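Working notes, structure below.
Here, each number is a calculation from the coordinates, and none is a lab measurement. Bear in mind that the values here come from a model prediction, so they are computed numbers and not experimental data. Glycine also receives a Cβ, built like all others from the backbone with ideal geometry; neighbour counts cover every protein chain displayed.
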Amino acid sequence: MSFTDAVDALASNEAFLWGFVCAAAIVLVLTPLVGWLAPRIGGLDLGDDRPRIHTHAIPRIGGIAIVLGIIISALLVIDLEGPYPAILIGTGAIAVVGVADDIWGISPWAKLAAVVAVSLIPVIGADLTFRHITLPLIGDHDVGWIGYPLTVLWIVLVANLINLIDGMDSLAAGIVAIASASFALLAASWGRADAAVLAGIICAATLAFLWHNYHPAKIFMGDSGALALGFLLATVSVEGVLKTAATIALVAPMLVIAVPILDTSFVVLKRLKYRRPAWGADHNHFYHRFMRIGYSQRRTAAYLHVWAGLVAAYALLLRFLPPRPGGEIDVSNAAIAAAGALAVLLTSVWMVYNLEIIKARHLEALGLRRFAPPVDGASELTEEDGEEPLERALTAHR
């Protein structure tokens, strides 16, 4: 199916259109009500549990509105067959875990255990797993029972990735909107209509939430929203993409959420480098680094959204213009894919160089120094010059 065919499939799907409109309307209406409720039940973000960017108390249970908008819309337009009842039950359950953490606080390990337990609802309860892995030159291989723990791991990973990037106005909501729109197109292209509808509902809910969450934010989604949205992205990607035998089915979800993956990977490795708890709190996320070099919250969010959108667009490019359609190399498609890969790579290098994650000496060692853009007013900080003291200073505020 071509890109235009996939778009037409979504545009002609009444369930998709009604679900999109319904989810957006519900979230737009409910979010201010949840914001009004927040201070009455202890749902304010006071910035005292981990490093924050904002300086005053803000409601942080906006995820309640997002989850209600998604569940109600899905119940109205999706046929409740297959894994979808379990997915919606799991979404509600993981939102409850998030609300408990937003209001009373839960230890990281207890929260992780709860997310693992909830992920078993669709995986064990509805047999939501991917059964095979298709790799270039190797072919399609059935993974058997290993698919169950791999699917649980995927759900837990994506739920926590979205939760970890939810640290500044509009960032997580925008990333999820981009990812869910991509999954809707991918699912539609493989004829998985219900998965495409649910992805569209997720996209609509997050776009509507951005109306209240764009900087300066009036409300945050909190763990109730971030964990639930990550859970939904993971389950939709399994049902709508990963179950497909095409080679790109394995690569596409990783590309669609590449920015959260890179962000979290960098932060965790940085913490381990300085012998700190991997899941601790600090100011080393991409958005912290952008703001540290002088970018505003709006500009920071825009850059990260554009980066995420570019990588997601490359995933769609590989789906709709595959380098090896039918197993035979198409020279034209392969050239386009290579050009797209180069554009994504250079953009990513520019980003991480600006953020001083890749240093000039790293590029010189690779013979790529000429590709690095100049960073006005920024001096390169090495370990010998005092990187470790900086890390201690950045993690001192907790």
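The distance from the alpha carbon centre of region 198-221 to that of region 73-88 is 21 Å, rounded to a whole number. In this rough spin-label picture, where each label sits 7 Å from Cα along the Cβ direction, the residue 33-residue 21 distance is 2.1 nm. Note on residue 113 and residue 3: the model spin-label points, each 7 Å out from Cα along the C-beta direction, lie 4.8 nm apart. Couplings 3J(HN,Hα) for region 198-206, derived from phi with the Karplus relation 6.51 cos²θ - 1.76 cosθ + 1.60 (θ = phi - 60°), are 5, 4, x, 5, 4, 4, 4, 5, 6 Hz, where x marks Gly and Pro.
Amide H to amide H distances under 5 Å link residue 128 with 123, where only residues 5 or more positions off or on other chains count and H is placed in the peptide plane. A simple rule links phi to the HN-Hα coupling: the Karplus curve 6.51 cos²θ - 1.76 cosθ + 1.60 with θ = phi - 60°, which for region 248-253 gives 5, 4, 7, 7, 4, x Hz, with x for Gly and Pro. Note on residue 350/residue 76: beta-carbon distance plugged into 1/(1 + (r/R0)^6) with R0 of 30 Å gives a FRET efficiency of 0.10.
Residue separation times 0.36 nm, minus the C-alpha to C-alpha distance between residue 272 and residue 124: what's the value?
Taking 0.36 nm per residue and subtracting the Cα distance, the gain is 49.9 nm.
With a threshold of 32 Å on the Cα-Cα distance, the over-threshold entries among 243/270; 111/273; 243/273 are 243/270; 243/273.
For the listed peptides 187-196, 262-271, a ranking on the average number of other beta carbons within 10 Å per residue, highest first, reads 187-196, 262-271. Applying the Karplus relation 6.51 cos²θ - 1.76 cosθ + 1.60 with θ = phi - 60° to region 12-17 yields 3J(HN,Hα) values of 8, 8, 4, 4, 4, 5 Hz, where x marks Gly and Pro. If I model a spin label as a point 7 Å beyond the Cα along the Cα-Cβ vector, how far apart are those points for residue 11 and residue 342 in nm? Reported label-point gap for residue 11 and residue 342 is 3.3 nm. Distance from a point 7 Å along Cα→Cβ of residue 100 to each backbone N in region 140-162: keep the residues under 19 Å and list them by number. What the label zone holds, given the 19 Å backbone N cut-off, is 156-157, 159-160.
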